[in-house]
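Written below as C-alpha cells is the structure these notes are about.
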Amino acid sequence: MTRSRRPVLPIALMVLFLAYSLFPVWWLLVSSTKSLSDLYQTFGLTFAHWNLGSNISQTLDYQNHIYLHWVWNSIVYSTLGAFGCTLISVAAGYGMAKFKFRGRGALFAVTIGCSLLPGALLALPLYLLFSKIGLVGSMWSLLIPYWVNPFCVYLGRVYADSSVPDELLEAARLDGASETRIFGSISLRLMMTGAVTIFILDFIAIWNNFFLPLFMLSGQNSFPVVLGLYSWNEQVLQSQDMTNLVITGSLLSVIPLAVFMISLQRYWRSGILVGSLK
Amino acid sequence: MSIGTISAGADTAPASPAPSGRNPRRGGARRSGAAKGWLFNLPYILGFLGVYVAPVVYAVWQSMEKQMRSGLGFGAPRTVFAGFGNFTTVFEDGGFWSSIVRVILIAVVEIPVVLGLALIMALLLDVVGRRTAKYFRLGFLVPYMVPGVVATLIWLYLYSPIASPFVSAAKHFGTTIDFFTSVTTYFSLGNVLVWEQIGFNMILISAALQAVPRELFEAARIDGAGEARIAWSVKVPAVRPVLVFTGMFSIIAMLQLFTEPIILRQLNPGAISTTFTPMQSIYTSTFSDLNYDYAAAMSVVLALVTGVLAFVFYRFTTRRAAA
C-alpha cells in the first residue's frame, strides 16, 4: 500500500524549508544576547557571552525611553486605527449585504477593485493632500487613512452575508424594531467573529505599516516602532554603536506581535482565506 | 410600521413609481432599504471620497502644475499650468523607466519562485499526517509574523560584511561572499522578499487544497496514480485560481517595492541607488528634491502601469485557463 509508507522525503524537504524559515529569527534571538564585540567576533548562529539584560536596558533607556514611546505609539495607532476601521467596515459590509439600493453593485465593485490596490500607491497623493490641509505630522494623518480600508469592507460584507440570516432581520422588523436597534443588538452580535477577525488583520497591518508613517511623520516622538527601528538603523551608518539597539529593539517588537498572532491564529487565518478564496 | 418613518425624507435613491397608497411590505421595505443601505455605508463612502478619490484627483491636478505652491492655493493662481509637461518629462526619464523594468524583472523571477516553493510546501503538508502538518505550518508562518522592516533588518545583518555568519563561515573555508555586487544585489533582495512572502502564500494554497474533496484523490489513487501524479494532475489544477490570484496580487505589490530596498540601501548605498525602484524615485523626488509636481506625475504613471500590468496578467492567465 502506498499510503502506509513513511513519507521520508517530504519530511526531509519540509525540515529544510523550516530551517530556512526559522534561522533568521534564530539569528535575531542569538544576536540580541551578545555584546557588540561578540556580535562581530563570534559566529552568528551560536551563543556567546550572555549580554541580553544589558542590551535590553540599553535599548529601553536610550534617549529617555524613546523606544517605549514608539511601542506605545504603535499600540495607539494600531488599536484606534483598527477599531475605527472595523466599525466602518462592519457597518458598510452589513449595509451592502442586507439592503438593496441603487449603486450597490457599483459600490461593491469599486470596493473590490480598491482592495487590490497597495497602500503605497496612495501614500504620496495622501501626503500631498494632507500637507495642503495641514494634517501632516499629526496622528490624524495616519488614523484617517487607516479607517478606510476597502479590503476590510469586503470582509465585512462576506461576514454579514454568511452570519446574519435574512429571516431573523425580517422577524425583528415585523416586531417593530428599528434598523439601528436591529443592527446594534442582533446583527453586530452575530457578526462578532467577523468583526474580531477584521480587527486583528487590520491591527497587524497597521503595526507593520512603514510607508504611511514614513511619509507623514517627522517628529521622532510620534514614530511607530518599525519607523523608529528604521531611523536607528540609519544612524548605524554614522555610529556603529546602534547595532545592538536595532537588534534588541527588533526582537522586542516582534515578540508581542507574535504572541498576539499565535494566540489568535484561528481568527486571522480564516480572514486571509476568506479574502483570497471567494 | 416604523421602518419608513425615519428615512422617509432622507431617501437618496428616488423610489421608483411608488404606489400612492402605503404598501406596507414591498414598497416600504425597498424605500427604507435604499436609505438604510446608504446610511450604513455613509461613513465608508465619505472616508473613501476623502482618502481615495480626493488625494488621487489632487495628485493628478498637481501633476499638471509646474511652479507650484505659491502659499495659498487661491487668490494668486500664478502656478503655471504645465498640462502634460511633467508627464513628458516622466516619459523621457530613463532612470524612472529602468526602475520600472528593474522591478518587473525582479517580479518575473521572484514571484514564480515564491509561488513554486509555496506550492511545493503546501503539497508536502498535504501528504504528511495532520498533526505533523500542524507544527510545520506554524513554523512556516513565522516569517509572516515578522514585520517587513524587521525582516529586512535581520537579513541586512545576515548580509553585512562584518556581522554575517555566512561571511564568517565562508572565511573559514577560505572564500569570500559579497552580497552586493551588481548581480548578487538582486539575489540578496529577492531572497528577503521570498523569505517574507513564502509562508503566507503557502497558507493560502494549503487552505485551497484542503477545500478540495478528498474523494477526488481517492478516485485517482484507485485508478493507479501515484502521489506525485495526483499532486501534479489533481491537486495543482485545483489550486490554480489561488495561484492566479496571488500572482496578480504579487505583481501589483512588486511594482510598489520600497521598504526592502530602502533598508538594504542603508548597508550598501552604492549597490542600491535612490532611484532603484519607482517608489524610491517618487520618495526621493518628494523628500530630497522637493519636486512635488514631478513626484505626483510619476505616481500617476506608476498607477497606470500597475493597472495595465494587472489587467494583462489577468487576461493572460484566464485565457490560458479557458483554452
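Tabulated results
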read-out	value
Subset of region A:121-175 [assigned to a helix (DSSP H, G or I), modelled with pLDDT of 90 or more and of a type in the set (S, T, N, Q)]	A:SER131, A:SER141
Check on A:SER231, surrounded by fewer than 20 Cβ atoms within 10 Å (Cβ to Cβ) and assigned to a helix (DSSP H, G or I)	yes
Set A:LEU13, A:LEU45, A:LEU22, A:LEU28: member being facing chain B (nearest Cβ under 9 Å) and either touching a strand residue (DSSP E or B) at 6+ places or on another chain (Cβ under 7 Å) or outside any helix (DSSP H, G or I) (or both)	A:LEU45
Residue, surrounded by the most Cβ atoms within 10 Å (Cβ to Cβ), within region A:175-184, restricted to residues that are within 9 Å of chain B (Cβ to nearest Cβ) and without any contact (Cβ under 8 Å) to a residue 24 or more places away in the chain	A:GLU179
Subset of region B:253-266 (residues that are outside any loop (DSSP other than H, G, I, E, B) and among the charged types (D, E, K, R))	B:GLU260
Members of region B:83-116 found to be modelled with pLDDT under 90 and either over 20 Å from B:ALA303 (Cα atoms) or of a type outside the set (A, V, I, L, M) (or both), listed by number	B:GLY83, B:PHE84, B:GLY85, B:ASN86, B:PHE87, B:THR88, B:THR89, B:PHE91, B:GLU92, B:ASP93, B:GLY94, B:GLY95
Top-ranked residue in region B:297-323 [being of a type in the set (Gly, Ala, Ser) and at pLDDT 90 or above; ranked as nearest to A:SER218 (Cα to Cα)]	B:SER299
Filter result for A:ASP166 (of a type in the set (D, E, K, R) and either exposed (fewer than 15 other Cβ atoms within 10 Å of the Cβ) or without any contact (Cβ under 8 Å) to a residue 12 or more places away in the chain (or both))	yes
Selection within region B:267-296 - crowded, with 20+ Cβ neighbours inside 10 Å and either at pLDDT below 85 or not in a helix (DSSP H, G or I) (or both)	B:LEU267, B:ALA271, B:ILE272, B:PHE276, B:THR277
Test: A:TYR67 is in contact with a Pro (Cβ under 9 Å, 6 or more places away or on another chain) and more than 13 Å from chain B (Cβ to nearest Cβ)	no
Any chance A:SER187 is farther than 28 Å from A:MET96 by Cβ, within 11 Å of chain B (Cβ to nearest Cβ) and in contact (Cβ under 8 Å) with a residue 40 or more places away in the chain	no
All positions within region B:297-323 that are of a type in the set (Ser, Thr, Tyr) and either part of a loop (DSSP other than H, G, I, E, B) or more than 11 Å from chain A (Cβ to nearest Cβ) (or both)	B:THR317, B:THR318
Qualifying position, being more than 8 Å from chain B (Cβ to nearest Cβ), under 12 Å from A:LEU212 (Cα atoms) and either in contact (Cβ under 8 Å) with a residue 12 or more places away in the chain or not polar (S, T, N, Q) (or both), among A:TYR154, A:TYR146, A:TYR159	A:TYR146
Out of B:ALA169, B:ALA118, sole residue that is part of a helix (DSSP H, G or I), within 19 Å of the chain's Cα centre (by Cα) and more than 30 Å from A:LEU214 (Cα to Cα)	B:ALA118
Qualifying residue in region A:94-116 (condition: within 8 Å of chain B (Cβ to nearest Cβ), crowded, with 24+ Cβ neighbours inside 10 Å and under 18 Å from A:ALA205 (Cα atoms))	no
Some residue of region B:134-146 being assigned to a loop (DSSP other than H, G, I, E, B), within 12 Å of chain A (Cβ to nearest Cβ) and in contact with a helix residue (DSSP H, G or I) (Cβ under 9 Å, 6 or more places away or on another chain)	yes
Check on B:THR181, touching a residue at least 12 places away in the same chain (Cβ under 8 Å), more than 13 Å from chain A (Cβ to nearest Cβ), over 17 Å from the mean Cα position of the chain (by Cα) and surrounded by fewer than 17 Cβ atoms within 10 Å (Cβ to Cβ)	yes
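The values are calculated or read from the model by the stated rules, or taken from the named source; none is laboratory data. Not measured: the values here are computed from a predicted model. Ideal geometry is used to build each Cβ from the backbone, glycine not excepted, and the neighbour counts take in all protein chains shown.
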